[in-house]
Every structure is written in C-alpha cells, then in structure tokens.
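The values are calculated or read from the model by the stated rules, or taken from the named source; none is laboratory data. In this text the structure is predicted, and so the values were computed from the model without any measurement. Don't worry about glycine lacking a Cβ; one is built from the backbone with ideal geometry, like all the others, and counts go over all protein chains shown.
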Amino acid sequence: MMDGRHPFHDVAIVGAFNTQQAKSLDDHDSVTITMDAAIGALADAGLTFAEVDGVVGPLAGELIYQARIGPAWCIRAIGIGAVLEAAAGIAAGLATTVLVADGAAGLYTYRDATAPWTRPANEYTAPYGMFTAAEYALTARRHMQTYGTRPEALATVAATIRNNGSDNPAAVYFRRGPFTAADVLASRMIADPFHLLDCAMTSEGGCGLVLTRADMATDNAKSPVFILGGGSDRFADPYTHPPTLDLGGRRRPDLTNGSVGRRAAEHCWKTSGLGPTDVDVCEFYDPFSFEVIRQFEAFGFCDDGEGGDFIMGGTIEPSGRFPVTTDGGTMAFGHCGSAQMIQRVARGVHQIRGECQSKQVPDAEVVLCTTSGSGSCATDIVLLGVERP
Amino acid sequence: MSFRVERDELSSPFFEGTDGGTLLIRRCPNCAQAYRPQVEGCGDSDSLRWEAAKGVGTLVSWAVDHSTPLDNSLTSLDGSKVIFGIIELDEGPWLQVPIVGCDPSSLEEGMEMRVCFIRPGGGEAIPAFAPRHVGGLT
C-alpha cells in the first residue's frame, strides 16, 4: 500500500454492459453499436447521459456529439488503458461520471482469409505473409522449446475457455461445445503449434462501462465495484515490429516482451497490497491459448516455465483455484474490434456483483482483468474488488 | 493477395544491400549497440550506421503457416507451407524472417542458419534463412 489514501479510493465502477454479440451485426456500424453499449451501461448504472461529463474510448468524440453531452472531458484510448484513464481522470477531479464505450460492426465484409488488420504493414514483415496467429505462435514455440511446455497444456486452456463460452447464452459460440483438449489438438493446423481452436474468432458487438466518484455511487441500483490496482506495459506499437521476444529496454534489462505485463503486475500488487493468491477469478485476454499460460507466469502466479503445468489439473476450470475467462473470451464470447479489450473488465464487474448467467464463481471478491496484444508487445491489467480501497 | 516489395527512401540502403546479396543491419555510432534493419534511431544517436552482417545465426523459434502461400519463393521443401522464423544473428539482433530450403519437421532450436535472398512477387530481394548445410541457395 502507498502512503496515504489509495489512488483509486474515490473511484467506483457502477455500470457494465455488453450489447448483442454476433459474427456480424448487419443493422449496425461501429458508432451505432457503441451508442447501444453506452445506453446499456448507463441503464445498468441507473444513470442517464445528462449525468455524464467525461467519455473515454476510440469513438469518444463521436459519442459526445451524437448523445449531445458536450462539452465533456474526452480522451481517446482503448481497452483497459481507457478504464485506467477514466479512473485516473475521476481521481484527479477532471471528471465526475465517465463513460467508457467501444464497439465494432460492419467491418467483417472480407471473409476469405485472416482479418486484414492483423497483417503487419511494413516492408520487413508483409512480403512473406506474417499474420497475428503466427506471431503468437513464435512466442508459444519458444516457450515449448525452452521449458518443454506440451501442446496438451495449450489445448487445455482453449478447451476450458471454449466450454465457458459454450455455456454462456450471450456468447457468439453458445452451445458449440463441449470441447476436450483432444478436440483442440484434432482441429486443423493454422500456424503450427496453433490449431484452429487455439485461436480467437472474429465477431461484432459493443461493450460499455460507467465509472463515477465512489461517494456518489451509494444510490445506484447495483453494488459498486472498486479498482484495487492497475498497470500498463508496452514494448512497441501493435503489429508494427516483429515480436522477437528479446525486445528489452535500457531501464529494466531483466524484462523482455516475453514477460510483458510483469512490470504492470508488480505495480498492481504494490498498489493493492495484494498478490496472486488473493485473486478469485482471472478474466484474462485469450487471443491464443498460449497467451493465458504466459500471463500466469508474467503476473507471478507461477515461476517462468511452469505455466504449462500450472494450468493443468483443473486449476483454471470454473470450479478451480483460478477460473479463467469465464464468459468464453475472444475464443467463444466475442471478439469485437478493440471493444473486446474492455469486455474482460465488464465480466469482472459482473463476477463481483454475482450476476453472471453462467460460470458465476461463488463469492468472487477480487478479479484480475487483462488485455494484451500484438504477439506479446503489450499488456494492460486492472484488479477489481468488492471492497473500497 | 500477393506482395511485391518496393523500396522507399528509408529502406533504400537495405534493399540495395539485399540486391547485391548482403544483409545489412544497423549499429549505433555512440553506444555501439547492433539493431535490426528497421530501427532508425536508438536514443543515443539518430543516425545509426548501416553495417554488413555476416549472414549467419541460430534458430530461436518458428511457426508453420498452414494457409495458402503468398508466393512460391517462400515455401518449404515440399512446396506447401511457409515457415516464419526468428534468427539470432551472430552480431546479436534477432530477425523475424521466412525459413526456406528445408522441411518444417527438420527444424530444431539452436540450429545453425545462414541467409539467402528471395524475391516474392518479383520485387525487391528480401532475406530468408536456411539451415547452414543446405546448398544451392543464393
């Protein structure tokens, strides 16, 4: 714990809402689905646009215009970075009630191949067809070679998360399961060592969150959820430079992008006064199965190289010690542009409120939510809790 | 979808090198650190020097792409797959490059590799790496 009051003492999350998620939402574009997310999040919080004086998100300016809530505090940011920005803005007194909303629709018109934005666009990587699954596969292969991590461990992550989605009525891949690790290993190869079912899907949808001052959160319809800590690590812009694992910095040469998120987690544990053993639910970003194993190591849940064994034996099952990505994540729930990067937080809020329709973890009081990306170039984390810090 | 690499002002020296069969990397004149070719400045200097690499290194990691190859020059020995690899150059930097001239199942971490050059789409030559024992590559 830091000296004096906790930096997020004055901040509460009071609304969390997912719109419909689907492979494509033909009646929407990204702005209209983001507006739906905003309206839903405000309704969940028992608030209206009239009370919003700040908006954070990639479409924040458009949202302010369309909802007629200007002049308002406005920051363009995505994912958990946007959530931390909103929290910091409230803590600093720059805004009182902040909407974080994002959505993607009308984008999936080219379905012949991998999503076009996942191909890096520079002359050193584009000409041989590099794409996101292969970037993450390089990281996974390295781990398998160095530590002997088995394909079954990767497949167990994918099967677990896909089963969570299969039981979630709101998931795009509802009732697609059940899956076993053997099913994952039997699916066709995409970028060896990744099979089809090791990889996230693509879909459309939106997500919204509402944050406000904790002293104003007492009259809301539902219990407030608090931010116990957070952190953000970057090594490069996404999909610009190859994720070659050795990428390090001059300040902390011990930290490379293979462990991206470690510094963020160290900061989070210090701010919260908590550690991995205090976490009840792990709402981790799951773009590819191995990334979940990597995060358990980076955040200090286990030692480097032990992640594969760590997740086996039921540890990450809904009934296990560290249930992971309980809504089905980007593998089965939804993968809607950058909006999926706040969906792990929405799920964390729903877990702490005890209102998940499926895979509710009993007495979930501390939830670690994460996003990461770009083949281990970025990781953002936020630790949610039931108690005001 | 296929790619044809074209140089611009910034990448011109690099592709001038590959055209002549030389892999260029960058080195900082002040801190002496070696970098990948796409690094333009390191904070200790904004004018990194171009330097010819020996073109040899070891295999760090690889991924085998099971989708349709963008170009036949990229494919593995059986002609069906593209292999993406990470090579640790003798000079230090790690490069992400296509791996050619071998079967994916023959690859091992730490394997000695050497550079060759391919021209996907008939554009500029780009570096690829093959196991050091493989002959007949340019």
Given (1) closer than 26 Å to A:G148 by Cα; (2) facing chain A (nearest Cβ under 8 Å); (3) surrounded by fewer than 23 Cβ atoms within 10 Å (Cβ to Cβ), B:S106 misses just (2)
Those residues that are buried (at least 19 other Cβ atoms within 10 Å of the Cβ) and over 25 Å from A:H28 (Cα atoms), I need them from the stretch A:334-355; list them, please.
A:G348, A:V349, A:H350, A:Q351, A:I352
Would you confirm, using the coordinates I've provided, whether B:P98 is within 17 Å of the chain's Cα centre (by Cα) and within 15 Å of B:Q33 (Cα to Cα)?
no
So, in the stretch B:109-138, exactly how many residues are at the interface with chain A (Cβ under 8 Å from one of its Cβ atoms), surrounded by fewer than 22 Cβ atoms within 10 Å (Cβ to Cβ) and touching a strand residue (DSSP E or B) at 6+ places or on another chain (Cβ under 9 Å)?
1
Could you please give the count of residues in the stretch A:250-294 that are away from chain B (no Cβ under 14 Å) and not in a helix (DSSP H, G or I)?
17
Taking the stretch A:145-176 as the search range and keeping residues that are surrounded by 21 or more Cβ atoms within 10 Å (Cβ to Cβ) and within 14 Å of chain B (Cβ to nearest Cβ), which one is farthest from A:R321 (Cα to Cα)?
A:T149
Scan the stretch B:52-98 residue by residue and report those that are in contact (Cβ under 8 Å) with a residue 12 or more places away in the chain, of a type outside the set (G, A, S) and more than 10 Å from every other protein chain (Cβ to nearest Cβ).
B:K54, B:V56, B:T58, B:T75, B:L77, B:D78, B:L89, B:D90, B:E91
Out of everything in the stretch A:329-378 that is modelled with pLDDT of 95 or more and hydroxyl-bearing (S, T, Y), what residue ends up being farthest from A:G103 (Cα to Cα)?
A:S358
If we keep only residues of the stretch B:11-30 that are out of contact with any strand residue (DSSP E or B) (no Cβ under 6 Å at 6 or more places or on another chain) and within 9 Å of another protein chain (Cβ to nearest Cβ), then the residue farthest from B:C116 (Cα to Cα) is B:S11
Can you find a residue in the stretch A:19-27 that is under 16 Å from A:V100 (Cα atoms) and of a type outside the set (D, E, K, R)?
yes
If you check B:D44 against the conditions, is it within 11 Å of chain A (Cβ to nearest Cβ) and under 24 Å from B:H133 (Cβ atoms)?
no
When the stretch A:186-213 is checked residue by residue, the ones that are away from every other protein chain (no Cβ under 14 Å), surrounded by 17 or more Cβ atoms within 10 Å (Cβ to Cβ) and hydrophobic (A, V, I, L, M, F, W, C) are A:A200, A:M201, A:C207, A:L209, A:V210, A:L211
The one condition A:T149 fails out of (1) assigned to a loop (DSSP other than H, G, I, E, B); (2) under 30 Å from A:G206 (Cα atoms) is (2)
Could we say that B:G101 is closer than 16 Å to B:H133 by Cβ and either within 8 Å of chain A (Cβ to nearest Cβ) or in contact with a strand residue (DSSP E or B) (Cβ under 6 Å, 6 or more places away or on another chain) (or both) here?
yes
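In this structure, is A:A181 modelled with pLDDT of 95 or more and among the small types (G, A, S)?
Taking the combined requirement at face value, the residue satisfies it.
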Quick one: which residue in A:D309, A:D380 is surrounded by fewer than 24 Cβ atoms within 10 Å (Cβ to Cβ), of a type in the set (D, E) and not in a loop (DSSP other than H, G, I, E, B)?
A:D309
Among (1) within 21 Å of A:C369 (Cβ to Cβ); (2) modelled with pLDDT under 80, A:D112 falls short only on (1)
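Here are A:I69, A:I64: which of them is free of Cβ contacts under 8 Å to residues at least 60 places away in the same chain and either in contact with a His (Cβ under 9 Å, 6 or more places away or on another chain) or part of a helix (DSSP H, G or I) (or both)? Walk me through it before giving the result.
On the way: A:I69 fails: either in contact with a His (Cβ under 9 Å, 6 or more places away or on another chain) or part of a helix (DSSP H, G or I) (or both).
Selected residue: A:I64, the only one of A:I69, A:I64 that is free of Cβ contacts under 8 Å to residues at least 60 places away in the same chain and either in contact with a His (Cβ under 9 Å, 6 or more places away or on another chain) or part of a helix (DSSP H, G or I) (or both).
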